[in-house]
Structure formats: C-alpha cells, structure tokens
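Down below is the structure, laid out as structure tokens.
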Amino acid sequence: MEKILVTRRIPEKFKQRLELMGEVEMWDHHLTPMPREAFLEAAVDKTILLVTLSENIDRTLLEQAPHLKIIANMAVGYDNIDLVEAEQRNVVISNTPHVLSETTAELGFALMMAASRRLSEAIDYVQDGKWESWGPYLLAGKDIYRSKVGIYGMGEIGRAFARRLKGFNADILYHNRSRNTKAEHELGAFYTSFETLVRESDFIVCTAPSTQETRNKFNKDVFKMMRNDAIFVNIGRGDIVVEEDLVEALQSGEIAGCALDVVRDEPIRMDHPLLTLPNAIVTPHIGSATVLTRDQMIQTCVLNIEDVVQGKPARNQVLAK
Ligand code: GLV
C-alpha cells in the first residue's frame, strides 16, 4: 500500500486512480498552495508525492521524507526540484513533457499578437471611455507578417511556436544550446548567435527553461542591443530576465513592449513597476492552462507513478545532469 500526497485539488477520476495504489491525502484547494510547514509534515510518511511548481523540493523536504519513491511534478520545468539531492536518495523525479507543448506555444502566440497590436491598451482605452474618434495612428502597432522572429530556446515548445509562424511569412531565427536540425529542415528556421538574434529580431520569444546558462540572460546589455521597436515575449521562466533592466528598457523606449507569462517572483507583487507600464502585458503563468492539457498533465503524473509502483522505470523520469 502506497501513501500518496497530492498538493492541489485534482479531478476525482485521477484521485480514484491513485487510490487503486494506496491511501491518498489531497490538499483540497484549487488556488492556495500548501503552506510549507504543512507540506513538510504531510510528506513525512509518504511514498509518493504529486506536486506542482509551488512546492520547493529541496534537501530539507527530502531529508524529512525518507520513504519517498517518486515525486511526480505537474510541469515540464523542474527548477523547483533539487535533482541531485533526489538522485542521491534514489527518489525518482518525473515531469510532464510533450502534452503541453502546443498549448504553451499557443499562449506564447497569443501574447505576441496581443503585444504587437497593443490589445490590452486598446481594451483599456475603450473601457476607460477614451474612444472618441478614429485616428490615423491610434494605437498603431507592428506587423508579425513578414517580420523577423527570434526564438530563444528551440525545444518542443519553440518548434511548436515556429510552426505557427509559417502562416505569417515571418523569418525565423533561433538560438539554442545546440542546433535543432528538425526545426531548420521543417520550418526554415535559421540558427544564429544569441547576439544576432537579439539585434535583428522584431519579436524575441523566450521559451527556455531556467538553468545556470539562461538565468539573467536578458539583462541591460541585451535590451540595449535590441531594436527600439522590438517586442519581448517570455513563456519560459521569470528568472531568465533581469526585471529592473526590462522595466528600464520599456520606460526609456529602448524596446517597444513586452508580454510575459512568467515573472521572477510569482505571484507578482501588486506594486511591481511592470504592472504600471502600458507597454507591458503580464499573465499569471497560464501557458499550459487549457482543460485538456491540464488533464493530460495530471494523467502523465499518474502514469509515471503507476510505472514506479509497478517496478518499472518512470516514462518521464528527469535525471540530474
Ligand atoms: C510550466 O511552466 C511548466 O513547466 O510546465
């Protein structure tokens, strides 16, 4: 009999599947994360955890929960988990790749389109009663059609994003740790240096995970290199961006706008300067948030847990590098 902790409310059908493997304790809240102390306490006797990005899986947790076999993370990213510590204790870590790539690319595309046509400004303009007449350059934006789009991070999400650009006749540049020949052949994406991508692109779209290499990558010097009419979109991780530098670049007109689904500290503070800028759009980390995809992510967690319970390797095991 397993002892399973689920740190957020999940649909009954998935809970029932977990119950076939043992006793399930679920933090029955949709939006409120488990307080850290309650999480540490609940994990003590558990063999399995199904967690979200809100839970910090560090040495303290792993030390305190010596019976763990698997931690299934309901996300493709795993920067909330200390993989080395987990591996030393033979705790399997799994994530949810593939099922969310198209959905996340779609949100990225929605953000790029919203920023390019200044949609949030336009909606506010109407709602604030400012719409008095038509103006030749009223809320004039920037075309994606025939533009140059630079994708930073050409993994599955980057490729799904690039595929959507085909209908826009855009030139696709990309920069990645390694070349992605599939993206080059299928989509005509050009591999460039990071500097060329940043200097030349109309739209710079970050889909990269948080790693030692990517943290703070978009900083003052990088924003300075961008075109003044560039739009920066981030659907990767917040800590890839130095937010003070981004705010400065937006305020000084060094770049034209940004649209971010992720920020450094989530949820964003209500007094964060990004929320005062008309040319910044911030959404609450909803890249993979469609009902179907969220179902598939939970299902992926359950499948990985079943693998381990049946003595098999978890199909989406993540290893420390
Ligand atoms: C979301 O950001 C994820 O990593 O799945």
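Just to be sure I understand: with springs between alpha-carbon atoms less than 10 Å apart, which residue in D79, D307, D128 has the highest mean-square fluctuation in the Gaussian network model of the chain?
The residue with the greatest mean-square fluctuation here is D128.
Taking only protein heavy atoms and a 1.4 Å probe, what accessible area per residue, in Å², does the chain have with all protein chains in place? Walk me through the numbers before you get to the answer.
Values: 16050 Å² over 321 residues.
Per residue, the chain has 50 Å² of solvent-accessible surface.
Rounded to the nearest 500, what is the 222 nm mean residue ellipticity of the chain from helices alone, with -39500 (n - 2.57) per DSSP H run of 4+ residues and division by all residues? Intermediate values should be presented prior to the final figure.
Values: 12 runs with 112 residues, N = 321.
Using -39500 (n - 2.57) per qualifying helix, the result is -10000 deg cm²/dmol.
So what is the relative contact order of the chain, in percent, for Cα pairs below 8 Å that sit 6 or more residues apart? Please list the in-between numbers first.
Details: 600 pairs, mean separation 55.0, N = 321.
Worked out over the chain, it gives 17 percent.
Quick one: Kirkwood hydrodynamic radius for the stretch 37-167, alpha-carbon pairs, angstrom, one decimal?
Numbers: mean 1/r = 0.0541 Å⁻¹.
It works out to 18.5 Å.
Expressed as a whole number of Å, what is the distance separating the alpha-carbon centroids of the stretch 152-180 and the stretch 78-131?
16 Å
Quick one: Cα centre-to-centre distance for the stretch 227-271 and the stretch 1-30, in angstrom?
37 Å
Using a 1.4 Å probe on the protein heavy atoms, what percent of the accessible area of the stretch 194-246 belongs to carbon and sulfur? Can you show the working numbers first?
Working: 840 of 2030 Å².
Roughly 41 percent of what the probe reaches on the stretch 194-246 is carbon or sulfur.
How big is the stretch 101-282 by the Kirkwood estimate over distinct Cα pairs, in Å? Don't skip to the end; give the middle numbers.
Details: mean 1/r = 0.0605 Å⁻¹.
That comes to 16.5 Å for the stretch 101-282.
What would the Debye equation give as log₁₀ I(q)/I(0) for the stretch 1-90 at q = 0.13, 0.15, 0.18, 0.23 Å⁻¹, counting only Cα atoms as equal point scatterers?
-0.38, -0.51, -0.75, -1.25
Based on alpha-carbon atoms only, what is the radius of gyration of the stretch 71-120 relative to the globular estimate 2.2 N^0.38 Å?
Values: Rg = 16.3 Å, N = 50, 2.2 N^0.38 = 9.7 Å.
Cα-based Rg divided by the globular estimate yields 1.68.
Using only alpha carbons, build the gyration tensor for the stretch 239-321 and give me the equivalent ellipsoid semi-axes, biggest first, whole Å.
Working: eigenvalues 292, 43, 20 Å².
Those come to 38, 15, 10 Å.
Using only the Cα atoms of the chain, construct the convex hull and provide its projected area averaged over every direction, in square nanometres to one decimal. Kindly include the intermediate steps, with their values, before the conclusion.
Details: hull surface 71.9 nm².
Directional mean of the projected Cα hull area for the chain stands at 18.0 nm².
Which one, V149, P35, A230, is farthest towards the positive end of the dipole of the chain when Lys and Arg carry +1 and Asp and Glu -1 on their Cβ?
Projecting each Cα onto the dipole axis, the largest value belongs to V149.
Rounded, prolate or oblate: which fits the stretch 99-201, taking a ≥ b ≥ c as square roots of the Cα gyration tensor eigenvalues, rounded meaning a/c under 1.5, else prolate when a/b beats b/c? Walk me through the numbers before you get to the answer.
Details: a/c = 2.85, a/b = 2.09, b/c = 1.37.
Prolate, since a/c reaches 1.5 and a/b exceeds b/c.
What nm distance separates the two modelled labels at D171 and K13, each placed 7 Å from Cα along Cα→Cβ?
4.7 nm
Using a 1.4 Å probe on the protein heavy atoms, what percent of the accessible area of the stretch 71-120 belongs to carbon and sulfur?
On the way: 1060 of 1950 Å².
Solvent-exposed carbon and sulfur of the stretch 71-120 make up 54 percent of the total.
Using a Gaussian network model of the chain with C-alpha springs under 10 Å, which one of A256, A110, A38 is most mobile by mean-square fluctuation?
Sorting by GNM fluctuation, first place goes to A38.
Magnitude of the Cβ-charge dipole of the stretch 221-321, K/R +1 and D/E -1, about the Cα centre, nearest 20 debye?
Working: 9 positive and 15 negative charges, 97 e Å.
Rounded to the nearest 20 debye, it is 460 debye.
So for the stretch 1-109, taking the charge dipole from beta-carbon charges (+1 Lys/Arg, -1 Asp/Glu), which of L20, V44, L100 sits furthest toward the positive end?
L20
Across the stretch 243-249, in residue order, what do the Karplus-derived ³J(HN,Hα) couplings come to in whole Hz, using 6.51 cos²θ - 1.76 cosθ + 1.60 with θ = phi - 60° and x for Gly and Pro?
Each residue of the stretch 243-249 in turn: 5, 4, 5, 5, 4, 4, 5 Hz.
The values are calculated or read from the model by the stated rules, or taken from the named source; none is laboratory data. Predicted model only: the values in this text are computed from it and were never measured. For neighbour counting, all protein chains shown are included, and Cβ atoms are generated from backbone atoms with ideal geometry for every residue, glycine included. When the accessible area is computed, the model is the full protein with side chains, heavy atoms only, and any ligands, DNA or RNA have been set aside. Shrake-Rupley method; radii C 1.70, N 1.55, O 1.52, S 1.80 Å.
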